[in-house]
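Reading through the C-alpha cells given below for one structure.
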Ligand code: ATP
Ligand code: MG
Ligand code: MG
Ligand code: MG
C-alpha cells in the first residue's frame, strides 16, 4: 500500500456545529451539516466541503469500478443542453416546472439536463451505424438539475445533484434484457460494497407499457417512498406496482398511458376552472364529462390532484361531483394523501360506471394521471374500481401472506426503455441482413449524492455519523488529547498509520479539551478513533471502534495493527 495523506484538523476547512441547522428535517441533513460535510448554498443546492467531497468520491469510485467491470464506457456530456432534442421527445413541455430553462444571449432556449436519454440517443446515432457497433453501454457521473417542488432533506433531494446515469443500446430485445441484467447485478455489487441495506422492487408493471423497471430502495425512516414487502417470500414492490399486480390487464384493450400533469392546481384554481365555489366539499370528488364519470381525484390538504384534467378534456363540460353527492355512500370514494401529495386511493365501485368505460384516474404517482383506465378490465366493477391502496396486511400477490409497508429512499432506478427514444430520433443501425434495425435502449440511474445521505441515514447513531469503511472520509481519526507528549505520540501514530496505507485524520487542534475533540470525532464518524491521552508517556493509546463503541487501551504498536 502506498503512503497516504494525513489531514490535519487544524487545517481542515470545516467547522463542526453544536446546534442542528434550523431547517433540517432529517437525520442525515442535520448530521452532514453539523459534522462539516456540506453547506447549503441555496434551496436544494449544496457545497461539498473536504470531508463530504471525500465520501462523494468514494461512492463515485465504487460506482465507476462496477460500471467499468460490466464493460460500460465513461463519457461526460454537457449539462447545458439545447431545447430541440427535448422538444422532439416531448419532454421540454412534459417536464413542466421540474425543468430549469434558460436562454442564451441570442435568445435560443436551453435547459439544464435533468437526465440525458435524448442526448445519448443522438450521440449513438452519430457514432454507431452498424449492428457491429452494438451493443454499447455508456455512462457518466454528472451534475443533474431538477427544480424539485420540495427540495428539503438536504442532499437527499437536491435541485442540483450528482447522478450516475447510464444507457444501453442493443439491436434485440434479448440484448436489452442482457444489458439490463448486467446493470442490475452491478447495482447490487455497488450497494453491497457500500454496505447499504437495500431492496430491489418492481417499479412499474407491464400494465404501464410493457417495459421492465425496478427501483433500488434503501429502507430508512427519512425515505419518501413507501414499498410493500412480503415477510414470507421475496416479493417487494413500490405501492404503484403492487397495485397493477393486484389488477391484471387483458390484452384486447389499449395500454394504460401515463399523462404527466405537473402543474397540480390548487383547489382555488380548479374551482375557478370549473366554476364552482371553492369549499371543503371539494374533498373526495368525481369528475363527470357530459354526464359520464371520467375521473376521480382526492384532494389533499389544500391541493387537488386532478392536474390539468380540465384542459385535457376541453371542450367537454366538466362537472364536479362533491362528497355531498355521496353523503349516503361514504364507502364510495376514500383517499389517502401522503407527503408527496396523492399517494394511494381506493375507489370503490360506483354502480353508475358501466364496464368498458374509459377513465382517467388520479394516479398514485405524484404529478401523474393514468389515461385509458378501463372499468371492468383494469378494475373489477362491483369490487374496487382501482385497488391502489395497499394497506399493511393486504395479501402478497406472489404468496398471499400479509404485506408489510415500509419507508425507503430511492437510490437507483433501472429501466428497459425499449424503442421509445430510438423511435423519436430515428435511431437505426444497419442489421445483419443489410436492412436498418431499430435500436432498443435501457436507462439506469444511481443518485450518487443521495447515496451519501442514505448511508448517513442508515448508519448514524445518537453520537453522530458512522461510516462504513468503503465510504468513510478517512480510515482512522487520531486524537491528540493533550499537548506535548500526547501530541507527539498522536503525530507519530498518524505518520505510522499513513505509511501503512491508511487514510488519516489527525486532530492536532490546540486549545480544545479532549472531551470536545472526542465528541467531534464521534460526530464525524470515521471507523476507528485512536486517542493519545493520559497514558502517552507509556506509549499507550485508546482505540475506539466507532460502530460498536468498543474501547481498548493498548500499546501504540499493537493499536496500529488493529486498524484495518
Ligand atoms: P424521486 O422519485 O426520488 O423523485 P426519480 O424517480 O425522479 O426520484 P430518477 O429519474 O429515477 O429519479 O433518477 C435516478 C436516480 O437519481 C434516483 O433513483 C435517485 O437516486 C436520484 N435522484 C433523483 N432525483 C434526485 C434529487 N432531486 N436529488 C438527489 N438525487 C436524486
Ligand atoms: Mg423525481
Ligand atoms: Mg421515483
Ligand atoms: Mg426513479
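The numbers here are math on the coordinates, done by the rules we state, and not lab data. Because the structure is a prediction, the values reported are computed rather than measured. Note that we place each Cβ from the backbone using ideal geometry, even for glycine, and neighbour counts take in every protein chain shown.
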Residues 513, 213 in order from fewest to most other beta-carbon atoms within 10 Å are 513, 213
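Beyond 16 Å, what share of the Cα-Cα pairs of the stretch 79-119 remains, rounded to the nearest whole percent? Spell out each step's value before the answer.
Values: 190 of 820 pairs.
Taking all Cα-Cα pairs of the stretch 79-119, the fraction more than 16 Å apart is 23 percent.
What ranking do 5, 502, 29, 477 get, fewest neighbouring Cβ atoms within 10 angstrom at the top? Walk me through the intermediate numbers first.
Details: 5 9, 502 21, 29 25, 477 29.
The fewest-first ordering by Cβ neighbours comes to 5, 502, 29, 477.
Could you work out the percent of alpha carbon pairs in the stretch 1-92 separated by over 17 Å, rounded to a whole number?
Values: 2903 of 4186 pairs.
Considering the stretch 1-92, 69 percent of its Cα-Cα pairs are separated by more than 17 Å.
Is the C-alpha gyration tensor of the stretch 474-562 telling us rounded, prolate or oblate? Criteria: a/c under 1.5 is rounded; beyond that, a/b larger than b/c is prolate, otherwise oblate. Don't skip to the end; give the middle numbers.
Details: a/c = 1.26, a/b = 1.04, b/c = 1.22.
Verdict is rounded for the stretch 474-562.
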Applying the gyration tensor rule to the Cα atoms of the stretch 393-472 (axes a ≥ b ≥ c; rounded if a/c under 1.5, else prolate if a/b exceeds b/c, else oblate), the class is oblate
Among 110, 145, rank each residue by its count of other Cβ atoms within 10 Å, from fewest to most, as a rough exposure measure. 110, 145
May I ask you to derive the relative contact order of the stretch 143-192, considering only C-alpha pairs under 8 Å and at least 6 residues apart, and to give it as an integer percent? 25 percent
